[in-house]
Amino acid sequence: MPWYAVTPAWRARQVAADLFVLGWVVLWLLAARWVHATVLQLTRPAYGLRYASHRVDDGLDQTKARLDDVPLVGDRLRIALDPLSGATTDVDRAAADFITGVERLALVGATLTALLPILVVLVPWLWARSRFARRAAAARHLAGSAADLDLFALRALARCPLPALARIDPDPAAAWRRGDARVIRRLAALELASVGLSADRYDPRP
């Protein structure tokens with residue numbers, strides 16, 4: 001299935017469109033990456049809070065271990081520190097939940113940042129390229145299998161603007177009916193050009 005036209009001008013436009021779409025996709029992927037990284041910056045205080053809570057919790061554990069060796073009041077003091085351990089656990093859990101929420105927000109934001117603009121351009125581009133490929137493949141098969149440009153010349157008579165037809169022959173329909181090879185080729189060239197093909201590689205039926 002042909003993805004590029006044979007005619008140089010059309011092929012150049014297709015290549016330019018491909019490069020534009022590629023650049024567009026890369027641009028928005030980079031933008032999505034920036035959004036993701038920017039949103040993740042919100043997690044830095046939460047990571048600091050988790051680190052601090054871990055340090056406090058470790059200090060409390062060490063203090064409790066030492067209080068076990070204190071006679072008479074050691075157990076009471078250790079029990080008195082238990083609420084503080086619970087508080088550090090709650091702080092750590094809240095910070096972890098906040099980090100998880102921000103990471104999800106960063107992922108959703110980055111996805112939407114890239115997905116919507118990319119689809120706006122990519123879907124029409126894919127539709128246009130696939131439509132061109134189907135039409136070009138069908139035209140190439142018809143023109144190449146029968147080595148006959150009559151069909152394309154007839155389609156040109158039905159579809160092309162009258163000024164374009166008049167430039168080929170004062171009466172192109174009559175020339176087509178009498179089998180004028182020159183007119184048939186020029187008419188077919190108009191139709192084949194609409195699908196990016198050239199009539200030069202095909203010979204009309206005598």
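Once region 1-16 is narrowed to residues that are closer than 14 Å to Leu126 by Cβ and open to solvent by 40 Å² or more (accessible area, probe 1.4 Å), the residue that is modelled with the highest pLDDT is Trp3.
Quick check, is Ala80 among the hydrophobic types (A, V, I, L, M, F, W, C) and either modelled with pLDDT of 80 or more or not in a helix (DSSP H, G or I) (or both)?
Working: among the hydrophobic types (A, V, I, L, M, F, W, C): yes; either modelled with pLDDT of 80 or more or not in a helix (DSSP H, G or I) (or both): no.
Here the answer is no, as Ala80 does not meet what is asked.
Looking at region 187-201, can you tell me whether even one residue there is outside any helix (DSSP H, G or I), at negative phi, surrounded by fewer than 12 Cβ atoms within 10 Å (Cβ to Cβ) and at pLDDT 70 or above? The answer is no; no qualifying residue exists. In region 169-182, the residues that are within 14 Å of Ala158 (Cα to Cα) reach residues that are open to solvent by 50 Å² or more (accessible area, probe 1.4 Å) and among the basic types (Lys, Arg) with C-beta atoms within less than 9 angstrom, at least six apart or across chains, in these pairs: Pro172/Arg186.
Counting the residues of region 146-173 that are over 23 Å from Ala136 (Cβ atoms), in a helix (DSSP H, G or I) and open to solvent by 20 Å² or more (accessible area, probe 1.4 Å) gives 5. Arg55: surrounded by 12 or more Cβ atoms within 10 Å (Cβ to Cβ) and at pLDDT 60 or above, yes or no? Taking the combined requirement at face value, the residue does not satisfy it.
The values are calculated or read from the model by the stated rules, or taken from the named source; none is laboratory data. It should be emphasised that the depicted structure is a prediction, and the values quoted were computed from it without experimental measurement. Because the Cβ atoms are built from the backbone with ideal geometry, glycine has one as well, and the counts that use them run over all protein chains shown. For the accessible areas, the whole protein counts, side chains as well, though only heavy atoms, and no ligand, DNA or RNA atoms are used. Shrake-Rupley method; radii C 1.70, N 1.55, O 1.52, S 1.80 Å.
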